[in-house]
1. Any chance you could give the angle, 0 to 90 degrees and rounded to 10, that helix B:63-73 forms with the longest Cα principal axis of chain B?
2. Gap in Å between the Cα centre of the range B:387-451 and the Cα centre of the range B:733-750?
3. With a cut-off of 8 Å between alpha carbons and a minimum separation of six or more residues, what is the relative contact order of chain B in percent?
4. Extending each Cα 7 Å along its Cβ direction at residue B:188 and residue B:672, get the distance between those two points in nm, one decimal.
5. Per residue of B:605-612, how many C-beta atoms from partner chains lie within 10 Å of its own C-beta, taken as a mean?
6. I need B:444, B:76 ordered by Cβ neighbour count within 10 Å, fewest first.
7. Could you tell me the calculated FRET efficiency between residue B:631 and residue B:695, based on Cβ-Cβ distance and R0 = 22 angstrom, to the nearest 0.05?
8. Separation between the residue B:549 and residue A:75 pseudo-spin-labels, each 7 Å from Cα along Cα→Cβ, expressed in nm?
């Protein structure tokens with residue numbers, strides 16, 4: 001936990017609006033400040049405005065390569081910026097390695113695992 | 001053993017013995033079909049053997065010289081004698097060339113051997129005819145004809161010599177001819193003087209006593225001629241001795257009579273003697289196969305035999321003898337052996353009148369006004385009286401036309417074989433053939449081919465350019481329909497008519513002043529490939545039966561060469577067809593691989609799409625659980641909202657499952673089981689556009705229609721899915737801020753149909769991919785690897801539209817955009 005002074009900011013990027021809603025609700029319940037984006041360009045716009053502390057990235061995004069979102073995150077928050085990959089794709093581990101994510105979750109996932117992973121990521 | 005050249009099959013086609021042997025060791029590594037035919041050995045018997053031991057080669061020069069030529073010059077050609085498998089010897093014209101590897105080291109020797117045994121046999125025939133002449137000489141009564149060595153030893157001894165002088169060949173051959181002379185003559189050195197005189201003047205004649213074997217004497221006349229070879233070296237002497245005993249007796253009697261009865265009686269007797277002598281000579285020479293004439297310097301023919309009359313174009317000896325020299329000469333055109341006009345003052349008979357011994361001449365002559373050309377060997381000898389005045393010239397004509405023709409034909413056909421074996425180019429062969437035929441056979445040669453039943457003049461060769469139009473020649477189509485081989489020795493208008501296209505063309509044909517025509521079909525197997533036609537005009541040469549035979553020989557070879565070339569070309573084309581087939585197969589395989597890859601991608605994507613709603617439902621359920629366990633209770637409105645969302649996601653997932661099932665039906669080519677209901681098309685499309693606009697803010701999706709409400713009877717969920725797929729595609733392939741326009745209108749030609757168009761300003765579809773755009777798992781080449789996708793959306797849309805009885809079309813321009821137009825009937829109707 002990052003203390004009471006300033007809640008940690010998490011940006012969730014996924015093209016499934018239902019998934020965005022449920023993640024936003026679950027992480028808000030944990031006291032985190034959550035922003036959501038349905039595609040790469042809007043995610044990058046949000047990051048420029050206020051760089052998040054952690055990025056949750058669905059790697060099968062339309063239009064824009066998810067790697068450019070992850071890259072932008074590193075430019076803004078340094079090389080060790082925490083990126084968590086969620087995907088329905090079978091090659092989740094490989095994609096996580098490519099994006100240099102600290103962890104990944106395969107859809108459908110246990111909500112507890114998501115929360116634990118995010119909290120772990122924020123403590124790094 | 002492998003054949004070392006891909007050339008092998010090609011060499012197999014050539015009608016010559018082609019052999020490839022390893023350089024240095026001469027082991028045979030290639031043995032063509034022609035070689036098998038020539039020598040009788042099959043490839044498995046010949047391969048691996050050493051060429052010259054297998055064929056028992058006899059070289060015309062030391063073998064080392066052949067090997068040196070191959071090593072230094074890279075090639076050698078000459079005549080070889082080989083022994084066939086059946087033990088028969090064949091004479092071949094052999095051409096050999098060394099093949100170098102890329103480093104320039106010799107690897108193989110290619111050997112092409114053409115059978116020239118026939119030519120050699122013709123030469124042997126000529127020798128045989130000389131032998132026959134010798135036999136004739138042997139049988140002439142009263143002559144001894146024999147040969148002496150340069151030193152004067154007897155070399156040959158003829159039967160006639162035996163009869164005259166009694167010696168058997170084994171008793172006299174090897175002995176000096178001085179033995180025939182009296183001891184007094186030998187003591188006076190007569191034999192040596194005779195040889196010296198013959199050596200210096202070429203020929204000497206003497207009369208005197210000779211001895212028979214038993215020592216008895218007889219009076220004889222001898223002619224001794226020095227024999228020299230082409231280089232001028234003395235080979236020996238020929239001796240012709242005639243027993244003059246009877247004449248001597250007659251002369252002695254005449255002298256007596258002269259003394260006793262006076263000059264008048266003596267003259268009568270002399271004339272009688274001359275008559276007798278002439279009659280005797282005539283009797284001897286009448287049956288000789290050569291033409292023989294005796295002519296006085298004044299041109300009076302003293303004697304001619306039947307053959308001489310025939311050769312000069314007279315029916316009988318009497319007719320010939322009555323003719324004046326001018327009359328006789330006017331009848332002929334005379335050429336030297338190369339075809340140049342021959343000056344009359346050099347005719348051997350004329351030269352001999354001048355007292356000189358003329359050289360033997362090979363002459364060509366032709367009876368003026370349309371005779372065939374003949375070849376003759378002409379010799380003449382002057383007969384002088386005691387005062388050394390020329391009294392007559394005896395000329396001997398040997399008609400060598402047949403052997404000369406045979407030799408020329410053999411040489412010509414050998415050249416034809418060689419030329420034609422060089423080419424497998426179908427288009428080149430007709431001209432090669434025509435060029436070979438002119439001027440050897442005729443003044444003109446045309447080759448017409450009947451390919452695909454269309455007459456075509458494939459080649460023309462002409463001996464001299466006299467400005468004729470090629471179009472004036474006999475018509476190709478007419479010639480091709482002429483059928484059997486035809487010979488027209490002397491052309492008349494009636495002969496030309498069948499070859500004329502029309503009266504105008506007939507006039508042109510006449511103007512060519514054709515002399516002879518030979519036209520023969522080119523037949524290979526049972527196929528008539530075309531026609532070879534020979535024409536003579538300006539040379540005034542009349543073609544005959546023998547020329548027809550030669551033309552047929554040429555046509556046979558030409559047809560075989562054409563057939564070979566055709567087969568070769570066909571095999572090439574087959575190879576080309578195979579290459580194309582392979583390419584097509586490879587393309588199909590590549591396409592299949594791409595399709596399979598996109599299908600895998602589709603399955604991955606489909607399972608991903610299904611996992612998303614499941615993941616959402618699962619996460620929502622767990623969220624509720626967490627909140628419940630954390631706070632003990634959940635606000636009813638919160639619970640209501642989340643449960644509603646779960647319900648909606650599950651509905652979407654079920655729609656996705658249904659879509660997957662539809663796709664399976666589509667794959668099995670089964671129509672959809674439509675769930676039709678009444679629906680307002682305007683509302684349906686408008687809602688759909690709104691929904692899509694909510695998902696993206698990258699670009700604007702506009703909806704245009706002039707209709708307020710249109711009722712349709714559709715499976716609305718599926719139509720929505722079809723339209724969704726089309727709009728999704730338009731959005732996906734459009735740049736940001738390039739609007740997508742959706743329009744709805746009634747069909748132009750009928751108001752119970754609607755047209756829905758979706759127009760984008762995206763990247764477009766390459767024209768070569770446009771036809772496949774509705775195929776399953778087919779995607780444009782410009783999007784593979786650039787955009788995620790499965791290639792299923794448009795295929796699925798088409799399936800749905802067509803299940804409703806509608807159509808879907810795409811028009812596109814690269815870089816400008818794509819428009820998809822969907823035509824749908826509002827009601828279900830029976831097809």
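1. On a 0 to 90 degree scale, this one is about 50.
2. 84
3. Working: 1381 pairs, mean separation 42.3, N = 831.
Rounded, it is 5 percent for chain B.
4. Once both label points are built, they end up 14.0 nm from each other.
5. Across the residues of B:605-612, the mean count of other-chain Cβ atoms within 10 Å is 4.
6. Numbers: B:444 27, B:76 21.
Ordered from fewest to most neighbouring Cβ atoms within 10 Å, B:444, B:76 come out as B:76, B:444.
7. Calculated transfer efficiency: 0.05.
8. Label at residue B:549, label at residue A:75, 9.9 nm between them.
All of the numbers you see were taken from the coordinates with simple rules; none came from a lab. In this text the structure is predicted, and so the values were computed from the model without any measurement. Cβ atoms come from the backbone with ideal geometry, glycine included; neighbour counts cover every protein chain shown.
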